[in-house]
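Scroll down for the structure; my scribbles are underneath it.
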Amino acid sequence: MLTLRPEGTAACVRAGIEHGLLYNQQQRLWYMGPMFRRERPQKGRYRQFFQFGAEAFGFDGPDIDAELIAMSARLWQRLGFANHVELQLNSLGSNQAREAYKAILIDYFQAHHSELDDDSVRRLSSNPLRILDSKNPSMQLLIENAPKLQEHLDKESQEHFDKLCVRLDGLGIPYKINPTLVRGLDYYNRTVFEWVTTSLGAQGTICAGGRYDGLVAQLGGQATQGCGFAMGLERIILLLQQQPDLSAKLSGTVDVYICALGEKAELAGLQLVEKLRTSCPTIKFQLHCGGGNFKKQLKKADKSGASIALILGDEEVDNQQVSVKFLRADKPQTTLGQTNLLEHLPVLLS
């Protein structure tokens, strides 16, 4: 038999237990790799897909929940699609409170059994909370009128959730409380959250997370709090492809193109670009390779999308200088000393 992992949280916990990383410790871990699903493939939801996940262990308070959410929010800002995603929050309460709520929920749906679709009938006996997550339009009014979990939270979970909201408000991270947001796995408790988008169709979750304070003990370790998230890389790529500026960068656009004319300049250019890459890791450099005359190299520089071309010939090498040609702005070509290049680069690219 071959078993294919469907998600990374349980595997991360198992590895932490096996290597003694979790008991009486605080850990922040991450992973990335292929996962597999059995369900019908959809846009951005493939049989084999890739996830990035971050997990934190040994933290009881809502501060770690807020830190994980803030980290994902910063990622969307850096990727350029923060305005295309929405943070949704809920609390599942303690295991005891959730079990009591499940009984109330079952009674409610049993009283409306004739209105349930086949999927909800099946979930009624296995995991009634998942009925709240149904996307069937004909079920929405029934779900909307169902008893709310927030009305049945235990005191500690309610305080935890309120403090999380205070922290998110303090960080200026907008969110929507979604009372139907649940998890398909029983080990989740208290905070659950999702980043959703309407830019990819009906199935729009790109990142999901929450607390799972009982999972480490369930898998054989000592009781340890846990909280984390996982994001599907395929859906993030689909969102990136809708951002024209970033798509251009991802397709190979560089900031600075280095032209080297002659054998001596080629060696000097190789040395220069490696120094620049070390000193300016956020700037993308491309060194022309393959020779060619000045006109050919400039044509390649323009095609690369770079803002400027740094030109090295024998004269520039001998004088420890570099010529700067602006490819996207109407500015005259200038010459700089190589020792002064680093401090001038940000200005040249602005």
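The values are calculated or read from the model by the stated rules, or taken from the named source; none is laboratory data. None of the values given here were measured: they were computed from a predicted structure. Cβ atoms come from the backbone with ideal geometry, glycine included; neighbour counts cover every protein chain shown.
Miscellaneous remarks
- Residue match in segment 83-98 (condition: in contact (Cβ under 8 Å) with a residue 12 or more places away in the chain, under 30 Å from GLU144 (Cα atoms) and loosely packed, with under 14 Cβ neighbours inside 10 Å): yes
- Within segment 153-182, considering residues that are out of contact with any Lys or Arg (no Cβ under 7 Å at 6 or more places or on another chain), more than 24 Å from ARG74 (Cβ to Cβ) and surrounded by 17 or more Cβ atoms within 10 Å (Cβ to Cβ), the one modelled with the highest pLDDT: ASP154
- Pairing residues of segment 277-291 that are hydroxyl-bearing (Ser, Thr, Tyr) with residues that are part of a helix (DSSP H, G or I), at Cβ distances under 7 Å and at least 6 apart in sequence or on separate chains, gives SER279/LEU342.
- Within segment 303-322, the residues that satisfy the criterion of being within 15 Å of LEU349 (Cα to Cα) and at pLDDT 90 or above are ALA306, SER307, ILE308, ALA309, LEU310.
- Summed over segment 51-71, the residues that are in a strand (DSSP E or B) and out of contact with any Gly (no Cβ under 7 Å at 6 or more places or on another chain) give a count of 1.
- Filtering segment 17-32 for residues that are among the polar types (S, T, N, Q), closer than 28 Å to PRO174 by Cβ and touching a strand residue (DSSP E or B) at 6+ places or on another chain (Cβ under 9 Å) leaves an empty set.
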